[in-house]
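Novice: Before anything else, here's the structure in question.
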Amino acid sequence: MPSETMKAIRIHEFGGPEVLRHEDAPKPELKPGEVLVRVHAAGINPPDWYLRDGYKALPPEWRPQVPFPIILGTDVSGVVEAVANDVEDFSVGDEVYSMVRFFSVGESRAYAEYVSVPASELARKPAGIDHVHAAGVPMSLLTAWQFMVELGHNEPNPLQPHKHQPVPLEGKTVLVNGAAGGVGHFAVQIAKLKGAHVIAVASGKHESLLRELGADEFIDYTKTPPEDVVYEIDLVVDALGGPTAGRFLRTLKRGGALFPVYPLGFSGAEEAAKLGVIVSATQVRSSGAQLAEVARLLDDGTIRVVLDSTYPLADARKAHERAAKGHIQGKIVLTVGA
């Protein structure tokens, strides 16, 4: 008997946004410990386009093998459609959100009408925000939270030999580079919530928003290189990362820390050691418990979700094209169904 189908965004080969296909796909079948969610919205994140283009930025030996066709995406918000017999914490009709199976390449299923989610990765959606905003939360906020507040897992760190350790934020000066983006706009709010003096770095058009989100100071990088004007910083969260992250080493005080969210290409380890600066990164991991914790902050407005743009599921290609243009303010989200 043929399985039920749903609409989903799948890829059958690696490539640009043009490889995204809106088509019929098998509806997920529940396994023990899982919950079936009818998706209302799906968030878009950099790993989505890294996977779509075949992880070109990774060394060849790091590139995972994936079985085509695959459905992209990890971040979802929706309503529980069914629960496995051994799941006790969720019921049909619950509004929920999740970062699904990350990091597990090729098993995510967010760009679709339905997704099966391990119950341990699921949390009730914050009642104070809608599904579209909730779908913009999981990966970006969990990344900022696990970098800055609590790691929340014991998975081996593929990025460095030692475990990542967040640093105390109260009374410290924290600079956030890429402050207007998905991770960055949450990092600004977390640093402020935890009692830090926050310096936000972004282009000038984002200044008003970032000050609303709690930034005490703002640097327009298009006019002033931040590394030329700030010194004695306690922590730099570089939400962009990559090869240019090393320029922030000179902004830090001895004993300070640099957290590049995207650490690949960083080459300043020797200089960091000379300066007495900690450089550390981690790989975000799914956590229903942490999503439940931050839900309270989202529910009462302590942390806000900023939306750059939304697109219907069928227009995922346009959403990826928007992402490729950069200068994103907050999150891009796909809407699913009515």
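Novice: Consider LYS205 against the criteria (1) crowded, with 17+ Cβ neighbours inside 10 Å; (2) in the same structural domain as PHE248 (by TED's automatic domain parsing); (3) part of a helix (DSSP H, G or I): it satisfies all of them except one. Which criterion is unmet?
Specialist: Going through (1) crowded, with 17+ Cβ neighbours inside 10 Å; (2) in the same structural domain as PHE248 (by TED's automatic domain parsing); (3) part of a helix (DSSP H, G or I) one by one, LYS205 breaks only (1).
Novice: Restricting to region 262-280, name every residue that is within 24 Å of the chain's Cα centre (by Cα) and under 13 Å from LEU235 (Cα atoms).
Specialist: Once the filter is applied, which keeps residues that are within 24 Å of the chain's Cα centre (by Cα) and under 13 Å from LEU235 (Cα atoms), region 262-280 yields ILE278, VAL279, SER280.
Novice: Oh, and also: So which of ALA134, ALA144, ALA110, ALA123 ends up being crowded, with 21+ Cβ neighbours inside 10 Å, under 18 Å from VAL236 (Cβ atoms), of a type outside the set (S, T, N, Q) and touching a helix residue (DSSP H, G or I) at 6+ places or on another chain (Cβ under 9 Å)?
Specialist: ALA144
Novice: Does PRO312 satisfy the criteria of being closer than 30 Å to GLY15 by Cα, touching a strand residue (DSSP E or B) at 6+ places or on another chain (Cβ under 6 Å), touching a residue at least 12 places away in the same chain (Cβ under 8 Å) and surrounded by fewer than 17 Cβ atoms within 10 Å (Cβ to Cβ)?
Specialist: Numbers: closer than 30 Å to GLY15 by Cα: yes; touching a strand residue (DSSP E or B) at 6+ places or on another chain (Cβ under 6 Å): yes; touching a residue at least 12 places away in the same chain (Cβ under 8 Å): yes; surrounded by fewer than 17 Cβ atoms within 10 Å (Cβ to Cβ): yes.
Here the answer is yes, as PRO312 does meet what is asked.
Novice: Among SER140, SER104, SER91, which is the only one that is over 30 Å from LEU249 (Cβ atoms), within 19 Å of the chain's Cα centre (by Cα) and either small (Gly, Ala, Ser) or modelled with pLDDT under 95 (or both)?
Specialist: The unique qualifying residue is SER104.
Novice: Which of the residues belonging to region 301-315 are in contact with a Leu (Cβ under 6 Å, 6 or more places away or on another chain) and within 18 Å of VAL39 (Cβ to Cβ)?
Specialist: TYR311, LEU313
Novice: Filter region 256-308 down to residues that are among the basic types (Lys, Arg) and touching a residue at least 12 places away in the same chain (Cβ under 8 Å) and give me whichever is farthest from VAL117 (Cα to Cα).
Specialist: Checking each candidate, the answer is ARG304.
Novice: Restricting the first residue to region 12-25 and requiring it to be over 17 Å from TYR50 (Cα atoms), which pairs with a second residue that is among the hydroxyl-bearing types (Ser, Thr, Tyr) and part of a strand (DSSP E or B) meet a Cβ separation below 6 Å and a spacing of at least six or different chains?
Specialist: So the pair list comes out as ASP24/THR5.
Novice: Just the residues that are assigned to a loop (DSSP other than H, G, I, E, B) and touching a strand residue (DSSP E or B) at 6+ places or on another chain (Cβ under 9 Å), please, taken from region 3-39.
Specialist: SER3, GLU4, HIS12, LEU20, LYS27, PRO28, GLU29, LEU30, LYS31, GLY33 - these are the residues of region 3-39 that are assigned to a loop (DSSP other than H, G, I, E, B) and touching a strand residue (DSSP E or B) at 6+ places or on another chain (Cβ under 9 Å).
Novice: If you take the residues of region 152-202 that are over 20 Å from the mean Cα position of the chain (by Cα) and on the phi > 0 side of the Ramachandran plot, which of them is surrounded by the fewest Cβ atoms within 10 Å (Cβ to Cβ)?
Specialist: Out of the qualifying residues, it is GLY171.
Novice: Kindly list the number of the only condition in (1) surrounded by fewer than 19 Cβ atoms within 10 Å (Cβ to Cβ); (2) outside the structural domain of ARG124 (by TED's automatic domain parsing); (3) farther than 18 Å from HIS164 by Cβ that fails for ALA273.
Specialist: Looking at each condition in turn, ALA273 falls short on (3).
Novice: Of the residues that make up region 231-251, is at least one in a loop (DSSP other than H, G, I, E, B), outside the structural domain of VAL167 (by TED's automatic domain parsing) and surrounded by fewer than 20 Cβ atoms within 10 Å (Cβ to Cβ)?
Specialist: Within region 231-251, none of the residues are in a loop (DSSP other than H, G, I, E, B), outside the structural domain of VAL167 (by TED's automatic domain parsing) and surrounded by fewer than 20 Cβ atoms within 10 Å (Cβ to Cβ).
Novice: Within region 89-131, can you find the residues that are under 25 Å from ALA314 (Cα atoms) and charged (D, E, K, R)?
Specialist: GLU95, ARG101, GLU107, ARG109, GLU113, LYS125, ASP130
Novice: Hey, does region 21-42 have a residue that's modelled with pLDDT of 95 or more, crowded, with 18+ Cβ neighbours inside 10 Å, assigned by TED's automatic domain parsing to the domain that holds ALA314 and closer than 20 Å to VAL183 by Cα?
Specialist: There is at least one residue in region 21-42 that is modelled with pLDDT of 95 or more, crowded, with 18+ Cβ neighbours inside 10 Å, assigned by TED's automatic domain parsing to the domain that holds ALA314 and closer than 20 Å to VAL183 by Cα.
Novice: Just checking, does region 184-194 include any residue being more than 18 Å from LEU307 (Cα to Cα), part of a loop (DSSP other than H, G, I, E, B) and outside the structural domain of VAL294 (by TED's automatic domain parsing)?
Specialist: yes
Novice: Specify which of the listed residues (VAL176, VAL167, VAL183, VAL137) is farther than 23 Å from GLY246 by Cα and of a type in the set (A, V, I, L, M).
Specialist: VAL137
The values are calculated or read from the model by the stated rules, or taken from the named source; none is laboratory data. A quick note: this is a predicted structure, and the numbers were derived from the prediction, not measured. In this analysis, Cβ positions are derived from the backbone assuming ideal geometry, glycine residues included, and neighbour counts consider all displayed protein chains.
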